[in-house]
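Some notes on the structure that comes next.
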Amino acid sequence: MTAILLPHIQGVLDLGQERGATFWAKEGTGGNGVAMFDAQYSTYTGISVNNIASNSMNSRTYPNPCNSSVILAFELKRTEKVTVQLYNLVGQPVGLFPDQSYPAGKHQVNIDVSKFSSGCYLYTFKAGNFSYSGKINVIR
């Protein structure tokens, strides 16, 4: 039986103002190693605060992966204007779904990805002060 070596914490970076990061490392084969980073408060995405506002309870996408459309389901505690922006992995906007005001309750937005090539896309969902980023995998 071969032992599997899991990455172990190498250190914690404290950059102040809730921008710390933890990093792991593991020896690989042939001199190659693996490094993983976990930054809870990322400025890379432009969202520097992990914001779970009281006005929005949850959001999710399904089916994911998808091939023609994906549903973004969310629940609001009060009426909010919702914006959904889709990006490719280079960060270029590939789709903007018009701002629309939704009343309190559960809602679904159908996102048509039938004209997108296979790959991974990122999206931002904004409702009032709440924002969430996620990914959508398109397969053909």
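The values are calculated or read from the model by the stated rules, or taken from the named source; none is laboratory data. Predicted, not measured: the structure shown is a model, and the values here were computed from it. Here the Cβ is made from the backbone with ideal geometry for all residues, glycine too, and neighbour counts use every protein chain on show.
Filtering the range 88-110 to residues that are at pLDDT 90 or above, surrounded by 13 or more Cβ atoms within 10 Å (Cβ to Cβ) and under 17 Å from R60 (Cα atoms) leaves Y102, H107. Scanning the range 110-140 for residues that are under 13 Å from I71 (Cα atoms) and of a type in the set (F, W, Y) yields Y123, F125.
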